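The block underneath contains the structure these notes are about, expressed in structure tokens.
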Amino acid sequence: MSIANILLVDDELPFIEALKKRLEKRDLSINYACSGREALDFLKKRNDIEVAILDVKMPEMGGIETLTKIKAYHPLVEVIMLTGHATVETAIEGMKLGAFDYLMKPCEIEILVSKVEEAAIKKRKHEEKIVQARLKKITWRMP
């Protein structure tokens, strides 16, 4: 499966660099942001991101707040929460707010890649449904 673009969001640059290399070895295209605010600014400029991998614990704007804003402004982007500081409450909150999944650091790379692929497929299916609905609306109005 080819994935157009992934946005990796974490405030720890060494972690981003290591994960980026590991994911690129699996033919994934990785963009990154070092904060929630930077991620939101990035998403304003790019509409080709399919999946965001989002750290929960970040200064200024945490992962839950970032998730909420991503879902408000870019509802089709699927978000995988990734954290080394998980609590059941945070995981449940993230899932209620629309996270695709919630994984603990360190997580096996194959599990992460599998979740990214599942999330990208879900986004593509949503986009296809939107296209079909628009086509149906257009053809319905034609004489």
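Among the residues making up segment 85-102, those that are crowded, with 17+ Cβ neighbours inside 10 Å and closer than 18 Å to LYS115 by Cβ are ALA86, THR90, ALA91, GLY94, ALA99, PHE100, ASP101, TYR102. Within segment 40-55, the set of residues being surrounded by fewer than 17 Cβ atoms within 10 Å (Cβ to Cβ) and either part of a helix (DSSP H, G or I) or of a type in the set (Asp, Glu) (or both) comprises ASP41, PHE42, LYS44, LYS45, ASP48.
Among the numbered conditions (1) within 16 Å of LEU8 (Cα to Cα); (2) within 11 Å of the chain's Cα centre (by Cα); (3) among the basic types (Lys, Arg), the only one that LYS123 does not meet is (1). Restricting segment 4-39 to residues that are assigned to a strand (DSSP E or B) and of a type outside the set (A, V, I, L, M, F, W, C), the residue that is farthest from GLY63 (Cα to Cα) is ASN31. Listed by position, the helices (runs of 4 or more DSSP H) inside segment 56-143 whose residues that are in contact (Cβ under 8 Å) with a residue 24 or more places away in the chain and over 19 Å from GLY36 (Cβ atoms) number at least 2 are 109-141.
For segment 22-42, filtering for residues that are modelled with pLDDT of 95 or more and out of contact with any helix residue (DSSP H, G or I) (no Cβ under 7 Å at 6 or more places or on another chain) leaves 5.
The values are calculated or read from the model by the stated rules, or taken from the named source; none is laboratory data. Owing to the predicted nature of the structure, the values given are computational and were not obtained by experimental measurement. Heads up, the Cβs are rebuilt from the backbone with ideal geometry, glycines too, and the neighbour counts pull from every protein chain shown.
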